[in-house]
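The structure appears right after this line, and notes come after that.
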Amino acid sequence: YALPGTYTVTLTVTNTVGTDEFSLEVAYATLPAPALSGNTTVCEGGSTTLTADVEAGNTAVWSTGGVVVYTGVTFPTPAVTAPVTYSVQQLEDKPILNAGPPNNTFGGGGNHNTGFDGQVLFEAYAPFKIISVFVYAQGAGDRTIRLLDNAGEELASTTVFVPAGPSRIAININVPAAGNFRLANTSQNLYRNNAGANYPYNLDGLLSIYSSNATGGNELNYYYYFYDWEVQESTCVSEVAEVALNTSPGPIAGFSAESDNLGVNFTDNSTGGPSTWSWDFGDGSPTVSEQNPTHNYAAAGTYMVELTVSNGACSSTYRQELTVGTTGTIDPDGLHGWKVFPNPASDAVNIELLKPMTGSTGLEVRDAAGRLVLSQPLHLQRTNINTAAFAAGVYQFRVTGEAGTSVRLVTIIR
């Protein structure tokens with residue numbers, strides 16, 4: 001039907017004796033687009049949970065950029081690093097069912113490679129998808145499987161790699177409507193039974209596999225290639241609903257440190273306007289909420305210091321390994337093996353790796369509000385970063401590798 005509504009369907013039958021009629025009202029309605037709920041503003045790099053309100057027994061399909069990313073009513077998003085829009089549709093959650101003989105053990109047969117176009121004939125009572133079939137192959141290689149109409153015209157085709165021996169292969173062929181069809185292969189070394197077939201193989205309300213195209217009066221004895229079909233009736237799909245997620249940059253944590261033997265003065269270098277600070281000095285002492293604390297260690301050694309900052313909505317954590325027990329500035333260059341210069345800078349900044357980096361190493365640059373302005377991998381010992389388009393201000397240069405993350409503050413002047 002072209003439009004939703006209620007229609008009266010009348011069947012009239014006539015023979016030599018007379019005429020009779022039977023009428024039935026048929027209601028056709030589309031599924032409504034699902035109502036959506038969830039937090040649509042996400043801390044950059046965080047995730048959220050979105051929920052689609054669908055009719056009982058239905059499910060939801062979520063996609064972005066035309067690619068399905070999740071099926072289910074409640075969608076836990078991946079990490080969101082930039083604004084993104086998800087499209088959502090509700091659909092009937094039809095079950096996957098099995099049709100046809102479950103295996104090839106019901107009679108004699110063998111691998112078929114004569115060039116004959118072997119076909120199984122079936123009637124569809126509604127549109128459905130053939131998701132997969134079970135086959136027995138002599139030798140690994142590509143096989144082409146075709147859907148034909150009852151006149152032998154090709155409607156769909158797929159070529160799949162089939163391993164040697166028994167295996168289930170995905171074909172994902174859509175049977176477009178009710179009617180008579182054939183599933184075919186040109187005997188590409190697939191097993192077929194030449195005796196023992198027990199037609200019809202019925203799946204009530206959906207299909208009936210009723211014959212083969214074998215010659216010589218053997219059409220009801222032979223069965224070609226395709227066992228234990230997995231099928232799913234086509235579903236009603238709603239109109240599309242969309243939900244746009246925006247990102248909040250939030251604060252970005254960072255700090256520097258200066259030591260006087262076992263005493264260390266910490267300076268908060270975080271950007272993005274944090275309002276709370278939590279320091280873990282890595283020695284088992286209680287956390288501290290001051291912005292720029294001083295901490296006295298009981299013994300010389302190396303400690304992993306962690307600063308977590310928050311603006312009340314979003315938080316960020318920065319970790320840095322510090323060695324205490326000497327006097328002077330604790331040099332991040334020596335600890336993390338890189339430096340940035342000149343600083344202040346204008347049109348260009350150099351990133352120099354002072355020691356070999358293992359694994360992938362990347363650079364992120366964020367402005368004082370925490371917004372990401374540059375992201376790129378670092379492959380060379382020295383990389384020149386073009387900052388000519390940067391507005392004047394303080395920027396956070398963050399290098400991340402397998403050993404962790406390190407941050408420098410760079411001032412751009414104009």
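The values are calculated or read from the model by the stated rules, or taken from the named source; none is laboratory data. In this text the structure is predicted, and so the values were computed from the model without any measurement. FYI the Cβ positions are ideal-geometry reconstructions off the backbone, even for glycines, and counts take in every protein chain you see.
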Exercise for the section: Select from segment 70-85 the residues that are surrounded by fewer than 15 Cβ atoms within 10 Å (Cβ to Cβ) and hydrophobic (A, V, I, L, M, F, W, C) and write down the one among them that is farthest from ALA369 (Cα to Cα). Expected result: ALA79
Exercise for the section: Looking for whichever is within 29 Å of VAL231 (Cα to Cα) and either assigned by TED's automatic domain parsing to the domain that holds GLY370 or among the hydrophobic types (A, V, I, L, M, F, W, C) (or both) here; the options are ALA60, ALA35. Which one fits? Expected result: ALA60
Practice task
Could you check, for segment 37-57, whether at least one of its residues is under 31 Å from the mean Cα position of the chain (by Cα), within 23 Å of ALA2 (Cβ to Cβ) and surrounded by 13 or more Cβ atoms within 10 Å (Cβ to Cβ)?
Solution key: no
Practice task
State which residue is surrounded by the fewest Cβ atoms within 10 Å (Cβ to Cβ) when the search covers only segment 215-248 and only residues that are polar (S, T, N, Q) and within 30 Å of THR77 (Cα to Cα).
Solution key: ASN246
Completion exercise
Of the residues in segment 296-322, those that are surrounded by fewer than 17 Cβ atoms within 10 Å (Cβ to Cβ), assigned to a loop (DSSP other than H, G, I, E, B) and under 31 Å from the mean Cα position of the chain (by Cα) come to GLY312, ALA313
Handout entry: For VAL88: the one exception among (1) among the hydrophobic types (A, V, I, L, M, F, W, C); (2) under 34 Å from the mean Cα position of the chain (by Cα); (3) within 18 Å of ARG192 (Cβ to Cβ)
Key = (3)
Handout entry: Test result for GLY254, of a type outside the set (Val, Ile, Thr), under 30 Å from THR81 (Cα atoms) and either out of contact with any Lys or Arg (no Cβ under 9 Å at 6 or more places or on another chain) or modelled with pLDDT of 95 or more (or both)
Key = no
Handout entry: Test: ALA140 is without any contact (Cβ under 8 Å) to a residue 60 or more places away in the chain and more than 15 Å from TRP229 (Cβ to Cβ)
Key = yes
Problem - Cβ-Cβ under 6 Å pairs, at least 6 apart or on other chains, segment 161-185 side at positive phi and free of Cβ contacts under 8 Å to residues at least 12 places away in the same chain, far side crowded, with 22+ Cβ neighbours inside 10 Å and among the polar types (S, T, N, Q) - result: none
Practice task
Return yes or no: is LEU155 buried (at least 20 other Cβ atoms within 10 Å of the Cβ) and within 18 Å of PHE128 (Cβ to Cβ)?
Solution key: no
Completion exercise
Counting only strands (runs of 3 or more DSSP E) entirely within segment 20-136, those with at least 2 residues that are farther than 27 Å from SER167 by Cβ and free of Cβ contacts under 8 Å to residues at least 24 places away in the same chain are 67-71
Handout entry: Enumeration of residues in segment 65-119 that are in the same structural domain as TYR199 (by TED's automatic domain parsing) and hydroxyl-bearing (Ser, Thr, Tyr)
Key = THR105, THR114
Problem - Residues located in segment 210-236, provided they are assigned to a strand (DSSP E or B) and either within 19 Å of SER187 (Cα to Cα) or free of Cβ contacts under 8 Å to residues at least 24 places away in the same chain (or both) - result: SER211, SER212, TYR223, TYR224, TYR227, ASP228, TRP229
